[in-house]
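Worksheet: one structure, shown below.
FYI, it's all coordinate maths here, none of it is from the lab. Treat the numbers as computed from the prediction; the structure is a model and nothing was measured. FYI the Cβ positions are ideal-geometry reconstructions off the backbone, even for glycines, and counts take in every protein chain you see.
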Amino acid sequence: MRRFFRRTKAIAHKEVLHIVRDARAVYLALGLPVVMLMLFGYGISQDVDHIPLAIVDQDRTPASRHLSTSLVAAGDFVREADLVSPDDVEAAFRRGSVKAVLVIPFGYQRNLARGAASQAQLLVDGSDGTTATIAMGDAAGIAQATASGRAVRASLSAGPRVRVRFNPAMVSTYNMVSGVIVLILSMVASLLTALTVSREWERGSMEQLFATPVTRAEIIIGKLIPYAGLGFVQTLLVLTLGSYMFELPIRGSLVTLFTCSTLFLLAMLGMGLLASVIAKSQLVAVQFAMLLSYMPVAMLSGFMFPIENMPWWLQGLSMAVPGRYYLTALRGVLLKGNGLHVVLGNVVALVIFAAAVLALAVRRFHRRLM
Amino acid sequence: MSHDVSVRVKDLTKRFGEFVAVHDVSFEVRKGEIFGYLGANGAGKSTTIRMLCGLLSVSSGSAEVAGVDVVHRPNAVRRAIGYMSQKFSLYLDLTVADNLEFFGGAYDLFGRTFRERRDAVMGELALETLSDELTGSLPGGLRQRLALACALLHEPEVVFLDEPTAGVDPGARRNFWRLIRRLADEGTTIFVTTHYMDEAEYCDRVGLMVAGELAALDTPERLKRNFVPGRMYEVHGADVGEVQKAAKDLGLLGIEPFGAILHVRVAENGPDAQALRRELSRRGARVTSVSDAEITLEDVFLRVVGGAAKASNASEEARTT
């Protein structure tokens, strides 16, 4: 047993030297999370604002002016142009100079005063789907608020009142940061593991190792420990940056957070190991690792595309993506302050996944040489 | 197993599907012997070594290395052997000291035991001054010495060296073999493969592998005497074909083209260099000179392998045997 620990330590120590001596690995491990966080946090925001807006005010009354100014005042829209007639809308859309047009018809104020349905029309350029959806949602909210503020108090229009919990401002950055953690862990953990093991195959040092008393379990554990440690550092890094730069709340317990992270890490390390055991060269192993871990996490974890919107077969497929469980748990712990008992289902799924992947990798690893 | 035998192999066979890589090979290697395994690429040298090191499963036959049954306990042999694989497989991004420390750890050497052994092998292989050098920055010869050092840390009974000097310059190769000889004199058994014929001369005994079979096994001297008897001359002529034709009816033991010259072998009591030159000239061949030549293991190898190793059909015709 003592020998087991010492030999494992020897492997782990060697692996740390590899990492430290390889500028590429250090960049990949520590630089990439920062770059991705910046990119996703600042660059790729799903919050839509500054939508160029044109206004066709046919009513020309205080009420109509109030509607258009409040729409702009909310900050989502920028008044780009005023059009005389609704017939000009088509041309404006085609030029792409505006993404939305507010049309306020004759009699808007009159209808409002009478308490009758007053209809202003918002035309949205649907060629940019995301912007369109969000613009409509925002505008509807503003229009309703404006109208009720003016006169419709009496009618007490029925309909759901939406209150957003946990992320009332609907800041998409929160989703981004948690998504980046999942992406980074899946990418770096599986990629680096795939690289380190396939490099030993490719260079022939694996055979040299097999000629020593070192066992396969010692090789695997010794190799995984430093990368698991690296994963921890990355998780901490992204969380810290996330909470400083994007005010990401951490409402749940860090213990739960790191329990989930460890399990997910193990699954991803196992994926990398599996990729390197199946593939014989570094190049193929890296592609395998991306295919096995990164792609499914990016596409099917619910980070970029909501799982609920997927067709049934993709939803089924997403059940086999560990990132899905980790992301759910992560968001739960970060934003809702969920305890372990709430995210237990996800934790169990991660445990099963990590165990299965590692077991499979170890099995395949055994078979390689004979 | 008697104490003076380090490796005992009986009817060892390795099949990869239909292909028989090693076929019914049997031999013994004495303790402290340098045992050379000579053969073309793909003749089954590495496969044999890898079976003996417990890295490949054995299809049939038996093999004992350092008293361990490799067929049934392939993992148990590792502590008793050192292995230097064909490909240089230390870590290039680690320093010399790091590599030694890692392989020390892999062989269960720690603390003072490790430091003592490390200093011993570094001294023996003259690596002391290179401790902090990156392995990747070392020239081939030094890398080989480091690889050997790593394989010797745990004082193995048998050391397996698979083409240890491939890609190493001649000076460093000679140096390396001096080290190997010293190791063997100290009692370590050396099992080495090579396809450098001149290196095989350093071995106590040489086994010739041809297409998975052990075609011959003896000391270099006896191999030469048995397979290539007689005396050898180098014949320099303006035209190899002409000399070949002229020599045809001289009743010689062998004629092999060797680049622009001919290797001509005569019986022990055959003509001397002067007489041979006279005879060839008399038959119309323009011979510039005839000189004595060493019979080498290369000649043995070519004899054993037969026509397969020879490229030209001309030599096939010229053979008088």
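For chain A, DSSP calls about 30 percent of its internal beta bridges antiparallel.
Ignoring everything except DSSP H segments at least 4 long, calculate the 222 nm mean residue ellipticity for chain B; use -39,500 (n - 2.57) per segment, divide by total residues, nearest 500. Walk me through the numbers on the way to the answer.
Numbers: 11 runs with 107 residues, N = 321.
About -9500 deg cm²/dmol.
When Rg and the Kirkwood Rh are both derived from Cα coordinates, the Rg/Rh ratio for region B:121-193 amounts to 0.94.
In region B:199-239, whose amide N lies under 16 Å from the spot 7 Å out along Cα-to-Cβ of B:Gln274? List them in ranges. Once the point is set 7 Å along Cα→Cβ of B:Gln274, nothing inside region B:199-239 turns out to lie under 16 Å by backbone N. Starting from the Cα of B:Lys14, draw a straight line to each of the aspartates and glutamates and keep only those under 19 Å, dropping any in the same chain fewer than 8 residues away. Of all the aspartates and glutamates, those that pass the test against B:Lys14 - Cα under 19 Å, at least 8 places apart if same chain - are A:Glu207, B:Asp24, B:Glu28, B:Glu64, B:Asp69, B:Asp162, B:Glu213.
Comparing B:Leu52, B:Phe176, B:His23 along the charge dipole axis of chain B, the residue lying farthest to the positive side is B:His23, per the Cβ-charge model. What does the C-alpha gyration tensor say about the overall shape of region A:1-121? Classify as rounded when a/c is under 1.5, otherwise prolate if a/b is larger than b/c, or oblate. Prolate shape, in that a/c is at least 1.5 and a/b is the bigger ratio.
Once the Cα-Cα distance is subtracted from the 0.36 nm per residue extended length, the A:Ala81 to A:Val351 segment shows a gain of 91.5 nm. Region B:229-284 and region A:213-238 have Cα centres spaced 68 Å apart.
Return the average number of partner chain Cβ atoms within 10 angstrom of each residue Cβ along peptide A:212-220. Please list the in-between numbers first.
Details: counts 15, 9, 7, 2, 0, 0, 1, 1, 0.
The shielding value for this peptide is 4.
Among B:Val240, B:Val304, B:Val159, the largest mean-square fluctuation in a Gaussian network model of chain B, built with springs joining Cα atoms closer than 10 Å, belongs to B:Val240. With a threshold of 30 Å on the Cα-Cα distance, the over-threshold entries among A:Lys280/B:Lys31; A:Lys99/A:Lys336; B:Lys224/B:Lys245; B:Lys45/B:Lys245 are A:Lys280/B:Lys31; A:Lys99/A:Lys336; B:Lys45/B:Lys245.
Rounded to the nearest 5, the antiparallel percentage of DSSP beta bridges internal to chain B is 65%. For B:Ala66, the shell of other residues with beta-carbons less than 14 Å away shows a net charge of -1, using +1 for Lys and Arg and -1 for Asp and Glu. Under 24 Å of direct C-alpha separation, and excluding same-chain neighbours fewer than eight residues apart, A:Lys9 reaches these lysines: A:Lys223. Only alpha carbons enter this Debye calculation for the protein assembly as shown, each as an equal point scatterer, and the log10 of I(q)/I(0) it gives at q = 0.10, 0.11 Å⁻¹ is -1.01, -1.12.
Take the Cα of A:Leu344, step 7 Å toward its Cβ, do the same at B:Ser60, and the gap between the two points is 6.0 nm. The mean of 1/r over all pairs of different alpha-carbon atoms in region B:225-318, once inverted, gives a Kirkwood hydrodynamic radius of 13.3 Å.
The GNM of chain A, with springs linking C-alpha atoms under 10 angstrom apart, assigns the highest mean-square fluctuation among A:Arg110, A:Arg251, A:Arg216 to A:Arg110. Calculated FRET efficiency, A:Ala320 to A:Ala217, Cβ-Cβ distance, R0 = 30 Å: about 0.70 to the nearest 0.05. Counted over chain A with a bin width of 10 Å, the fraction of Cα pairs per bin, in whole percents, is 5, 20, 23, 18, 14, 10, 6, 3, 1, 0. What you get for the protein assembly as shown, charging only the Cβ of Lys and Arg (+1) and of Asp and Glu (-1), is a dipole of about 1900 debye around the Cα centre.
Prolate is the label for region B:166-291, because a/c, from the alpha-carbon gyration tensor with a ≥ b ≥ c as root eigenvalues, is 1.5 or above and a/b exceeds b/c.
For B:Thr288 and B:Arg15 in one chain, what is 0.36 nm times their gap in residues minus the Cα-Cα distance, to one decimal in nm? Write down the numbers at each step before the final one.
Values: separation 273, 0.36 × 273 = 98.28 nm, distance 5.15 nm.
Extra length available between B:Thr288 and B:Arg15 comes to 93.1 nm.
Take each residue of peptide B:91-100, count the partner chain Cβ atoms within 10 Å of its Cβ, and average: the result is 3.
Averaged over residues, the count of other Cβ atoms within 10 Å places the peptides A:313-319, A:330-336, B:125-131 in the sequence A:330-336, B:125-131, A:313-319, highest first.
Note on A:Ser281 and A:Gln119: the extension gain reaches 51.8 nm, defined as 0.36 nm multiplied by sequence separation minus the Cα-Cα distance. Partner shielding of A:9-17 amounts to 4, given as the average count of beta-carbon atoms from other chains within 10 Å of each residue beta-carbon. Altogether, the Stokes-Einstein calculation at 20 °C and 1.002 mPa s, with the Kirkwood radius of region B:5-218 over Cα pairs as Rh, returns a diffusion coefficient of 123 µm²/s.
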